[in-house]
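Notes follow once the structure below has been shown.
The values are calculated or read from the model by the stated rules, or taken from the named source; none is laboratory data. From a predicted model like this one, the values you see are computed outputs, not experimental measurements. Neighbour counts run over all protein chains shown; Cβ positions are idealised from the backbone, glycine included. All accessible areas refer to the heavy atoms of the entire protein, side chains included, with ligands and DNA or RNA removed. Shrake-Rupley method; radii C 1.70, N 1.55, O 1.52, S 1.80 Å.
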Amino acid sequence: MRDFYSNYTNDELWLIRENKWVRSLQDIRESQFALGNGYLGTRGVLEEIPYDALPGMYVAGVYDKMGSQVAELVNLPNPVNFKFTIEGEKLDLIAMDCLEHKRILNMQKAVLLRHSVYQDTKKRRYDYQSLRFISRHNKNIGVMQIVFTPLDANCVVDINTGMETSVSNTGVLSEGRKRHFRVKELGQSHNAGYLVIDTLDKKQTIVYWAGFYYEIEGKKIFAKDNFFRLKIKKNQAVIFTKVFCLKHFPCRQNYALYKEKTFKIFHKAFHSDFDTLVREHTKTWERLWEKADILIEGTANLQNNLRFNIYHLLAHVHYDQGFSSIGARTLSGEGYHGHIFWDAEIFLMPFYLFNFPQVAKNMLLYRYRRINKARELAKKEGFRGAKFPWESADTGEEETPEWARDIDRTIIKIYTHKMEHHITADIAYAVYKYYVVTADEDFMQDYGYEVLFETARFWASRVEYNKKKRKYEIKHVIGPDEFRRNVDNNAYTNMLAKWNLITAYKLFCAIKKRPSLYKNLREKLDLREKEVSQWKKIAPRIAINFNKNKIIEEFDGYFKLRKIIPGQTDENGIPLLPLRIKAKNLGKTQLIKQADVLMLLYLLGDVFSLKTKVANYEFYIPRTLHKSSLSPSIHALMACEAGDLNRAYNLFNVSLRADISNLFGNTHEGIHAASLGGTWQVVVFGFAGVKVKKEELFINPRLPRTWRNMVFSLTWRGDLVKLELNNEQIKLKVISSQRKDLKVGIFNKLVSLKTNKIYVFKRSIPGYGKELYHY
């Protein structure tokens, strides 16, 4: 039996395999095998759409709120739909016996492969092979090819393909499944089918074109309809190729021009050779991997799993002038309704910032394009400046639902949108981090300064002065540790607010030297020096509580809560919630959901001494339950700093395998974006020791012992830094279009380097790796 796609399966380090059909894993595999190009995302659903399948086709930034309590990422009609029926029996992994089945995701080429062998009730076998991809070369195009061969007898096959319009968004809590679009027009033209839909709120029009042809005995035949019958001889392989095209537009009554524009894109692809379409797509992916791949010499399984995380990050490389950003579950599922959280700026953005700065810029433009809504949110709550929503969709309005399930599956009321205000400082932090890493002054002039000044303005109005303590306080908040709400002076929130105010003040002072920019911003924002001077006065007096051991109190009264240290862990080393503690009572204990104080120490590492970091790490790590996918990676990073390297590696493995092993039990809702970005940060910032310290790039590796060598690259202020390192040696070359000198910290010592020259540095402490690394 010929394997038609064997040339895509010859390097195991690039493959994720499903070696048999397990029905209970179907929805998990759909997330894991998701394909995308940043504009389009599609779940890895089987082409025959078995019972209980959750097909998903999403366009970045396309949401709809009609019939829902909040806006939802729209599940659009499914073009990945190809059904075969023989004498009334459907080729389907549930409806027909399957003798063999495997699927393979080739991450290097971003293609999904399949090989199944079916047997009908008359014991006749059918060989089914397929390949599909969402084009990276042309972001509106998707392609799928199926090779069908009857193995035991001639047969008559009924074929049904087209755009499946019966799809809907998954139901949540009191809301059932719902469809967020209406069909405007459906028809056939030019040997292809087309579909025009509007979102229910009439914000977006989406136009589809799709067509297919089949090749039999070397002859290519274009199908005139989506339903037809074909006679196939025994052992005769018929190749079906389907090409589809999606494009969204602002909604308007007359959409004829939209159909025409989309058809032109479709027609060019449809009449291109299949091999050409695949080659163009895979070459574009090769260029992405050239920048983003991380080679780790020493452990094959880890290499494979790390590439799985990077693959899903690369599947969202996209630039659309801020129309969209990346949701908490990417474009692989509908978890959290496709909303944008702080995950985007704090967990995801660093990967793009150091590999594809334009994508990081796009994520920040997404926020800037909605800053007027943030101003409205602040004003509505009695504050000044800009207050960004906790959950955001297309408009920038607050989209947090009122109710959700707690960790014990009970339904609880949600207050994050009313109290988890730290996201405003998180966005300001990301803007400034982008500026430091890229030195993109144009971005700051056009967008960045405005964001930093308006967020500082918010915090200046948000604080309350306590005359008795002679401190500014921020009351009634929720910090990153969401086990308790309505606390006062959450350390993370207060410190990020303090940082926001100080940074905005310094930048305001700096632009005074540029009269034109200074004048423009003052006039645009109605910003006066007296107001900015107040930022400087407020910041040092924002309350941060320490005890005598330099432990930062997570919030006022935290140290007085019931002390509980979990005594048992699961097989992954994650602490188990003691049976006597109910979810509703967690707020009365010192148990923590995820990094809060440690998140602060990680983001503002320059502010705190190593002694303070270690003391807080040792206090908070035993109290943390890691009940969020955001938690393991940050604690792994802090474990690296604290020298707790065994735990760092264990927590890294939890983050690494969050979705490939479904560790949180909800991968079916989509891939955890924060875990993807956090995993990358542990590898690069934690183990490879890359750090931005006092606005300079430093590299000081602390690789696990089994990692003999690590090869990767970073973008730093417009130049490409190529690195090959281990614990004893760093080899690097800064590739630049200019000949210049730049400073880089090597093993904690700043050195001057010339661009386009290879350097090799050896650690001056003999036996460093052998002495320090014990796992």
For this session: Measure up Lys379/Lys433; Lys694/Lys743; Lys512/Lys536; Lys139/Lys203; Lys387/Lys475 against 18 Å on the Cα-Cα distance and list the ones that go over.
Result: Lys379/Lys433; Lys139/Lys203
Exercise. How much accessible area per residue does segment 417-529 have, in Å², with a 1.4 Å probe?
Worked result: 39
Problem set entry | Net charge of Cβ neighbours under 10 Å - reference Cys509; Lys, Arg +1; Asp, Glu -1 | +3
For this session: Please say if segment 185-316 is rounded, prolate or oblate, where rounded means a/c under 1.5 for a ≥ b ≥ c the square roots of the C-alpha gyration tensor eigenvalues, and otherwise the choice is prolate for a/b larger than b/c and oblate otherwise?
Result: oblate
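Could you work out the helix-only [θ] at 222 nm for the chain, with each DSSP H run of four or more residues adding -39,500 (n - 2.57) and the total divided by the number of residues, to the nearest 500 deg cm²/dmol?
So the calculated ellipticity at 222 nm is -8500 deg cm²/dmol.
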For this session: Take peptides 315-327, 457-469, 337-349 and line them up by average Cβ neighbours within 10 Å, highest first, as a rough protection proxy.
Result: 337-349, 315-327, 457-469
Seminar exercise, completed: Rounded to a whole %, the carbon-and-sulfur portion of the accessible area of segment 23-87 at a 1.4 Å probe is 54
Seminar exercise, completed: Rounded to the nearest 10 degrees, the helix 515-525 long axis (Cα) sits at an angle to the longest Cα principal axis of the chain of 80
Problem set entry | Solvent-accessible area per residue for segment 544-676 (1.4 angstrom probe, square angstrom) | 40
For this session: On a 0 to 90° scale, report how tilted helix 371-380 is relative to the longest principal axis of the chain, with both axes built from alpha carbons and the result rounded to the nearest 10.
Result: 60
Problem set entry | Convex hull volume of segment 299-361 per residue (C-alpha atoms, cubic angstrom) | 93
For this session: Starting from the amide H of Thr330, placed 1.01 Å from N in the peptide plane, find each other amide H under 5 Å away whose residue is 5 or more places distant or on another chain.
Result: Ala673
Exercise. What is the Cα centroid distance between segment 187-217 and segment 697-715, reported in whole angstrom?
Worked result: 48
Exercise. With the Cα gyration tensor of the chain giving a ≥ b ≥ c as the square roots of its eigenvalues, does the rule (a/c under 1.5 for rounded; else a/b larger than b/c for prolate; else oblate) give rounded, prolate or oblate?
Worked result: prolate
Problem set entry | Arg528-Tyr319 pseudo-label distance in nm [points 7 Å out on the Cα-to-Cβ vector] | 4.1
Exercise. Near the amide H of Lys471, under 5 Å away, which other amide H atoms are found, from residues 5 or more places off or on another chain, if H is placed in the peptide plane?
Worked result: Asn466
Seminar exercise, completed: The ³J(HN,Hα) series, computed from each phi in segment 410-421 with the Karplus coefficients 6.51, -1.76 and 1.60 at θ = phi - 60°, rounded to the nearest Hz and given as x for glycine or proline, is 6, 8, 10, 6, 9, 10, 4, 5, 8, 10, 8, 7
Seminar exercise, completed: Distance in nm between Glu464 and Lys418 label points, each 7 Å along Cα→Cβ, equals 1.5
Problem set entry | Solvent exposure of segment 18-152 as accessible area per residue, Å², 1.4 Å probe | 27
Seminar exercise, completed: Here the FRET efficiency for Leu720 versus Thr276, based on Cβ atoms and R0 = 25 Å and rounded to 0.05, is 0.25
Exercise. Can you pull the percent of segment 264-377's accessible area that's carbon plus sulfur, 1.4 Å probe, other chains left in place?
Worked result: 49
Problem set entry | Within-12-Å neighbourhood charge of Ser31 [Cβ basis; K, R +1; D, E -1] | -2
Exercise. What is the Å³ per residue value for the convex hull set by the Cα atoms of segment 524-674?
Worked result: 179
For this session: Just the number, please: carbon plus sulfur as a percent of the accessible area of segment 490-571, 1.4 Å probe, no ligands or DNA/RNA counted.
Result: 50
Problem set entry | Debye equation applied to the C-alpha atoms of segment 629-688, log10 I(q)/I(0) at 0.26 Å⁻¹ | -0.95
For this session: Note the per residue figure in Å³ for the convex hull of the C-alpha positions in segment 1-140.
Result: 138
For this session: Please work out the FRET efficiency for the pair Lys264 and Met66, using the Cβ-Cβ distance as r and a Förster radius of 35 Å; give the result to the nearest 0.05.
Result: 0.70
Exercise. Can you tell me the Rg and Dmax of segment 449-538, counting just the alpha carbons, in angstroms?
Worked result: 14.8, 48
Problem set entry | Angle in degrees between helix 256-270 and the longest Cα principal axis of the chain, rounded to the nearest 10 | 70
For this session: May I ask you to derive the relative contact order of segment 520-595, considering only C-alpha pairs under 8 Å and at least 6 residues apart, and to give it as an integer percent?
Result: 20
Seminar exercise, completed: Scalar couplings 3J(HN,Hα) for segment 232-243 by Karplus 6.51 cos²θ - 1.76 cosθ + 1.60 (θ = phi - 60°), nearest whole Hz, x for Gly and Pro, are 10, 7, 4, 6, 8, 7, 10, 9, 9, 10, 10, 10
For this session: Express the relative contact order of the chain as a whole percentage, based on alpha carbon pairs under 8 Å and six or more residues apart in sequence.
Result: 10
For this session: Rounded to whole Å and sorted largest first, list the principal axis extents of the Cα atoms in segment 609-736.
Result: 44, 37, 29
Exercise. Based only on the alpha carbon positions, what is the Kirkwood hydrodynamic radius of segment 327-426, in angstrom?
Worked result: 14.5
